[in-house]
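One structure is given here, and the rest of the page talks about it.
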Amino acid sequence: MSLLPLFIDLKEQHCLVVGGGTIAARKLAMLCKAGAYVTVVSPEVSAQAEKLCQEYNCQLERRAFAEEDIQDQRLIIAATSIATVNQQVSELAKAKGILVNVADDFSQGDVVLPSVIDRDPIQIAITTGGASPVLARMIRRNLERHMPAAYGQLANLVEKYRSPVSKQLTDETQRRRFWEDVLQGPIAESVFAGNLQIAEQALSQRIVEEDFTTDSHGEVYLVGAGPGDPDLLTFRALRLMQQADAVVYDRLVSDEIMSLVRKDAEKIYAGKQRSNHAIPQESINHLLVRLAKEGKRVLRLKGGDPFIFGRGGEEIETLMDEGVAFQVVPAVTAAAGCAAYSGIPLTHRDHAQACIFVTGHLKDGSVDLNWKMLAHKQQTIVFYMGLYGLSMICEQLIKHGLDSDTPAALVSKGTTPDQRVLIGDLNNLPGLVDKHAVSGPTLIIVGSVVSLHSKLHWYQTETEITD
Ligand code: SAH
């Protein structure tokens, strides 16, 4: 059956819901939100429906449906559990030309209440034409992921400036380009990032500027790509990946994640392997500035979280100095990802009340850490970039007071299908690593929580190595 999608204004219109169960309540909620005057007729009323009636001041009639109930209604919902009653309601309504929806029997009514994505004032309605409401809900959930919650705010902002823009830009094509540019560029991104004021300032500024047909101001998105599994990307990261003009990415960003970046974006490899930086940090900082000043939306994509051993701070400092707009998108850091995927909770009431993230690779190549502060029981220590200094790390921790049988784990390529977990203690972990020729990236976790691994591991159990 082919349907014509329409959105109907039911504000202050009389509507009737016959039935008081959970399905009736769901439809009642939609009518109430649309501002209708609703009457509910049902001998039995669910708590959910009753609550809605109270909240929205609906008229509640605790009795069976009677023919007169359909008088002067704009829309009727038949949602009782008795098919003959639903049929009677539908026939009476149709005879009077009143719109009717029959729950669970699409063919008997003439309107459908769709599954809705609500980003007021934006609404997206989905129907499968009665084939499968469950499928409609699934589609809704899939679409929800691509609809930032702030779309509503964006629509409100655009509405506010619609008429000034129309006055200034009389050519329709020019006007369309202007709005496309605003809705896909830094102004929209500012709204999504919660910077409504900045977005509004930028928009009003562009309206008074002489040349406002194209956006010549680029922007940098400093985005964390997580530890490897593409499913761990944030919605925002994915959205920005799909709209960037240029991408500057690190070695740690997996091919799988790179394949999600916009196909025609310019892709620049920035290296960042231990002692083998494809581009020195200083040049990366200036590369980002140059690309943004060319008017590009530049995605700076980093492994894990950009602010945890990611030098993200240094990069945005340069952007700030150069007046380039940017935003930072956090991500699952390697410690969180590896801990979850290896079944080692970083804190646990019986084992550790604190967790500390440390780099095992200092600027000058040494591992000169505050060992006294690190060597504490009841604390988990996570070493990033610790593979090369592993023997020294274990030695120093023992020297500064940790027992040599303190559990220690090494997780390589965490959260990916190639993840490997080596479980030992401060005494034997370096030997285990030598024996099994581990390759990076690797993370070292030290502390009593590591002992939980044998019970809690759930991901790729066959790759666990203990001797
Ligand atoms: N910003 C990143 C860390 C960058 S430093 C983050 O928040 O995760 C690079 C180090 O991170 C690597 O040497 C390694 O110690 C760790 N690392 C990153 N991804 C990893 C992974 N998938 N498995 C294990 N360790 C990882």
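The values are calculated or read from the model by the stated rules, or taken from the named source; none is laboratory data. Keep in mind that this is a model prediction, so the values were computed, not measured. With ideal geometry, Cβ positions are generated from the backbone for all residues, glycine too; neighbour counts draw on all protein chains shown. These area figures cover heavy atoms from the full protein model, side chains too; ligands, DNA and RNA do not enter into them. Shrake-Rupley method; radii C 1.70, N 1.55, O 1.52, S 1.80 Å.
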- Item | Single match in Ser439, Ser404, Ser448 (criterion: within 13 Å of the ligand (Cβ to nearest atom) and surrounded by fewer than 18 Cβ atoms within 10 Å (Cβ to Cβ)) | Ser439
- Name every residue in the range 388-400 that is open to solvent by 50 Å² or more (accessible area, probe 1.4 Å) and not aliphatic (A, V, I, L, M), in order of residue number. Tyr388, Ser391, Glu395, Lys399, His400
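Mind listing whichever residues of the range 235-273 are closer than 16 Å to Val329 by Cα, assigned to a helix (DSSP H, G or I) and either touching a helix residue (DSSP H, G or I) at 6+ places or on another chain (Cβ under 7 Å) or not hydrophobic (A, V, I, L, M, F, W, C) (or both)? Spell out the reasoning first.
First pass over the range 235-273, keeping only residues closer than 16 Å to Val329 by Cα: 235-244, 247-250, 253, 257, 261.
Still in the list and also assigned to a helix (DSSP H, G or I): 235-243, 257.
Selection gives Arg236, Arg239, Gln242, Gln243, Ile257.
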- Query: Mind checking which residues of the range 276-327 are within 16 Å of Gly218 (Cβ to Cβ) and among the hydroxyl-bearing types (Ser, Thr, Tyr)?
  - Reply: Thr318
- Query: Which pairs have Cβ atoms under 8 Å, sit 6 or more apart or on different chains, and link a residue in the range 160-179 that is in a loop (DSSP other than H, G, I, E, B) to one that is surrounded by 13 or more Cβ atoms within 10 Å (Cβ to Cβ) and not aromatic (Phe, Trp, Tyr)?
  - Reply: Leu169/Arg175
- Message: For the range 302-314, which positions are within 12 Å of the ligand (Cβ to nearest atom) and within 17 Å of His286 (Cα to Cα)?
- Response: Lys302, Gly310, Arg311, Gly312, Gly313
- Message: Can you say whether Glu200 is in contact with a helix residue (DSSP H, G or I) (Cβ under 8 Å, 6 or more places away or on another chain) and either open to solvent by less than 10 Å² (accessible area, probe 1.4 Å) or over 29 Å from Ala335 (Cβ atoms) (or both), as far as the supplied structure shows?
- Response: yes
- Item | Filter result for Asp418 (more than 10 Å from the ligand (Cβ to nearest atom), of a type in the set (Asp, Glu), out of contact with any Gly (no Cβ under 6 Å at 6 or more places or on another chain) and at pLDDT below 95) | no
- Message: Filter the range 318-333 down to the residues that are under 28 Å from Gly228 (Cβ atoms), among the hydrophobic types (A, V, I, L, M, F, W, C) and in a loop (DSSP other than H, G, I, E, B) and list them by number.
- Response: Ala331, Val332
- Count of residues meeting criterion [under 30 Å from Ala202 (Cα atoms) and near the ligand (Cβ under 10 Å from one of its atoms)] in the range 317-342: 2
